[in-house]
């Protein structure tokens, strides 16, 4: 490929690519995202490839393995273009029938369609699936259209047009002003205004004029994989955003700091960087503009603390990944003591969108203080698990019930935790809360990077707080006393409460500890770590009191505080529970009510899970 040396050459190439593509041509788009890989989507893709070859359809039918489509609960996902017929839970054995019936004849295969869990109505087209209807997929939507290993797919959807516009039509300060007018705030957790950070980094003094632009892809929240899926499925959008940011800031050196556990993201990003260089879109004299910028990949070792800016930069320098005081911000003295601008994957991917469509368009989406859309990882006790992109200001109710499909198995919704392990738990009474940076903070939680874990009536909120504090205790770098000792003490108290050893004064002590840790910790991990405890005490204090005063776990989760017994009126002696019990604690004659030996019972819950007659009582 000859390197592009002018904006006109880029547009000529784009026109040539589009001229060779026929919108009416059949195309099979297979989700190749993280979730669908767990369902062995690569075998599905191989089956389609073999069937297309067997039937001699290589010129009539395109096959594209793309990034994540979002609806991970229903993978592997297959969309048939141009009509966008949506098939879910596709297996390799389905490939011949899909090609013969749907691709060639236009017939719908009923068993592969998504069915509404309430009405049972089958949905034919992707845009009509309830999971997608409530979304606005501006940043994430191209994932289903692009083969991340093929730069021409990105160019075909307008890729690098924002970069061309910036390099040849805008001044650096004009770019920053456009980002300012858009209202873009960082999507990595802090929600800091992006333009203000860029401007500070641009204006910071540097003797040798070296400045760094860094992408934080060290996504470590349990259950969160938004950045991973963007980097896997549309790496060029992140690269383009970084180049634009570098031009605005005056940087010529970039890094993507990515988790070691994301091998597919690293593979696709590496390939995208090589292709961008080969096309003259990265490196020296980008598009013949005279602007130089290149990007290196640095793989983290899996430390959660390295999501924090100063710890990440220490790791990039080859040092131990632990934070430092921020009396001097990283935009002034960051990586190698130079001005450094750090944004996360999703923030960078928003930048080309803003430049192409304009700040005025972007600022119309969202709320007064939170503009644009946000990608969330919707997981937990929810029917429709996956990645969603929604406008800021959407309510929790709309996310959980309209997009998420509600809570499975007829259970009641109890709470949702937002913002990762340092986020807070928001109760059912606040389901009409608009989701934006400020309202979540007011509710005792935070936006974070976009984790959203739904909990049902069977969730013990004390145990949930203990779980997240345990995670944060293990991930704390231990550098500062409030975080190191405070979280450890919090964990001890919470463990005692869940084991029936709680004391009346424990709740007040947890609140006091939480306030001290938030105020005195060195970095944002400690500053937000008490949120799971403080929010659950704020909204579910009665559960703490039940554990402490009554030695009872209302949700029936904490083993030390529950007892399994048999309801003799419901038990018909089928002996299923007895067969499932690993300790042989259940006895009784066939067709007669059974009993549980409390000395042998280890409270694993297998008896309750296996009983179809709901004869096992938890008290």
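Values quoted throughout were computed directly from the atomic coordinates according to the rules given, and no laboratory measurement underlies them. Predicted, not measured: the structure shown is a model, and the values here were computed from it. Neighbour counts run over all protein chains shown; Cβ positions are idealised from the backbone, glycine included.
What the table shows:
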item	result
Where only alpha carbons of region 58-175 are counted, the Rg and the Dmax (Å)	17.8, 56
Packing-based exposure ordering (other Cβ within 10 Å, fewest first) of 594, 252	252, 594
Helix 345-357 vs. the chain, principal-axis angle (Cα, 0 to 90°, nearest 10)	50 degrees
Span from the region 79-117 Cα centroid across to the region 241-266 one, whole angstrom	38 Å
Peptide ranges 269-280, 580-591 listed from the most packed, as the mean C-beta count within 10 angstrom indicates	269-280, 580-591
The chain: relative contact order in percent, alpha carbon pairs under 8 Å with at least 6 residues between	12 percent
Size descriptor, Kirkwood hydrodynamic radius, that averages inverse alpha-carbon separations across region 448-512, Å	13.0 Å
Normalised contact order of region 563-618, rounded percent, pairs of Cα under 8 Å and 6 or more residues apart	46 percent
Residue-averaged [θ]222 nm for the chain, counting only DSSP H segments that reach four residues, each worth -39500 (n - 2.57)	-10500 deg cm²/dmol
Order of 87, 544 - criterion: other Cβ atoms within 10 Å of each residue's Cβ, fewest first	544, 87
Crossing angle, helix 461-475 versus the chain [Cα axis fit, 0-90 degrees, rounded to tens]	50 degrees
Rounded, prolate or oblate (a/c below 1.5 giving rounded, otherwise prolate when a/b exceeds b/c) for region 230-300 by Cα gyration tensor	prolate
Mean Cβ neighbour count within 10 Å, used as a protection proxy, ranking 12-24, 284-296 highest first	284-296, 12-24
Evaluated at q = 0.14, 0.16, 0.27, 0.31 Å⁻¹: base-10 log I(q)/I(0), Debye formula over Cα of region 486-536	-0.32, -0.42, -1.03, -1.24
Cα radius of gyration and Dmax for region 398-498 (Å)	14.9, 46
Cα gyration tensor, region 151-362 - rounded (a/c under 1.5), prolate or oblate	rounded
Relative packing of peptides 469-480, 492-503 - highest average C-beta neighbours within 10 Å first	469-480, 492-503
Burial ordering of 157, 533, 390, fewest other beta-carbon atoms within 10 Å first	157, 390, 533
On Cα atoms only, tilt of 7-19 relative to the major axis of the chain in degrees	60 degrees
Three-way shape call for the chain based on the alpha-carbon gyration tensor, with the a/c threshold at 1.5	oblate
